[in-house]
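First the structure, in the form of structure tokens, and then the observations on it.
None of the figures in this text is laboratory data; all of them are computed from the coordinates on show. Keep in mind it's a predicted model, so treat the numbers as computed, not measured. Cβ atoms come from the backbone with ideal geometry, glycine included; neighbour counts cover every protein chain shown.
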Amino acid sequence: MLSSSRDRSGVLFVLPFLAVYLLFLVVPLVMGLVASLTDVGLTGGRAEFVGLANFAEALTDPAVWRSFGVTLLFTALSAPPLIAVGLVMALLTHRLAPARWLWRMAFFAPYVLPSSAVALIFVWILQPDFGLADSMLSWFGIGPVGWLAETAPAMAGVVLTTVWWTVGFNFLLYLAALQAIPEDLYEASALDGAGGWRQLWSITLPMLRPTTALIAVLQVLASLKVFDQFYLITNGGPVHTTRPILQYVYETGFTNYRTGYASAVSYVFFAGILLLTLAHFSIQRRRRERSDHG
């Protein structure tokens, strides 16, 4: 009787979460999958069942693959510095005892800013001629750079914006992991004559390996879902060369009114992310197996 009462209490506690989970995740997923099999649009009219035609079109659409390539390039360019800079910031904060709270606040504060505010700041910074970026480059004799008019500078500008804006989250995870490392390890290594660099390479970085793996997965997934920065800073320009896949889905569904096709593209993108995730976990499992056997 007591066990049954506890079970009912547990179900009651879980019900609010299940309701939100079903309403905002499961139901939209099912509705999107159904829409991807039709030609439904925002202009109204009766939706016709088209089967897998939208998926076939998505797989042969050059704009889809170009946008997906932009997303992968952004991920490759942004994820490594976001991990490395977050680690360096955490190491500095962990070692700097005076005003440690100030460093924590300064490094994490940009992360809580809304994307619109961050984009507005960097659009002004990257403006040609009178922007702060070109003004600083002029000190070294470098002429104006078309930050928002050329493909490579535009991508670099969005990457810099993203690193400045979101690195605080990785910094916080690394700082928490650093504080969890026992001080006894450093004291024992110091007695054996290990200096700061030896402690970093032999104790700190190995102990941070699980956190680094977690941050790498989270960062890659977050970078693959990029939308705000590109839409607000470059709007996909010039000539869609900086348009990520999610912006293409948005424009297809809400500008071109092809909701069914946009849903199919989003599911193709989801399948790509799923394959990348499975490949990552497969590689990690093989590495663990080799280390266990080694």
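When the Cα gyration tensor is reduced to axis lengths a ≥ b ≥ c, the ratio a/c is 1.5 or higher for segment 189-294, and with a/b not above b/c it is classed as oblate.
Summing Lys and Arg as +1 and Asp and Glu as -1 over all other residues whose Cβ lies under 15 Å from the Cβ of Y111 gives a net charge of 0.
What is the extension gain from L278 to T43, computed as 0.36 nm multiplied by their sequence separation minus the C-alpha to C-alpha distance, in nm to one decimal?
The span from L278 to T43 would gain 80.8 nm if fully extended.
Largest GNM mean-square fluctuation among N170, N256, N54, using the chain with Cα springs under 10 Å: N256.
Between segment 253-268 and segment 91-110, the C-alpha centres lie 44 angstrom from each other. Taking trypsin sites (Lys or Arg not before Pro) across segment 1-85, the ones in a DSSP loop with at most 14 further Cβ atoms lying within 10 angstrom of their Cβ are R46. Computing FRET efficiency as 1/(1 + (r/R0)^6) for R95 and E57, where r is the C-beta to C-beta distance and R0 is 35 Å, gives about 0.05. Near H94: Cβ cut-off under 13 Å, other residues only, Lys/Arg at +1 and Asp/Glu at -1. The net charge is +2. Each of L137 and V85 was given a label point 7 Å from its Cα along the Cα-to-Cβ line. The distance between the two points is 1.7 nm.
Shape of the chain from its Cα gyration tensor (a ≥ b ≥ c, root eigenvalues): rounded if a/c is under 1.5, otherwise prolate when a/b > b/c, or oblate? Cα axes put the chain in the oblate bin. In percent, rounded to a whole number, the relative contact order of segment 36-152 is 10, using alpha-carbon pairs under 8 Å and six or more apart.
Among complete DSSP H helices in the chain, those whose alpha-carbon atoms stretch at least 20 Å along the helix's long axis and whose mean Kyte-Doolittle hydropathy reaches 0.5 are 2-21, 62-95, 151-179, 209-224. Relative protection proxy for 281-287, 87-93, from highest mean packing down: 87-93, 281-287 (other beta-carbon atoms within 10 angstrom).
Close amide H contacts of T38 (hydrogens built in the peptide plane, cut-off under 5 Å, sequence separation of 5 or more or a different chain): V50.
Structure remark: mean-square fluctuation, Gaussian network model of the chain, C-alpha springs under 10 Å; the largest value among T38, T277, T151 belongs to T277. Across segment 1-86, the relative contact order, built from alpha-carbon pairs under 8 Å that are at least six residues apart, equals 13 percent. For the residues P114, P244, P81, a GNM of the chain with alpha-carbon springs under 10 Å puts the largest fluctuation on P114. Neighbours of Y261, meaning other residues whose beta-carbon lies under 14 angstrom from its beta-carbon, give a summed charge of -4 when Lys and Arg score +1 and Asp and Glu score -1.
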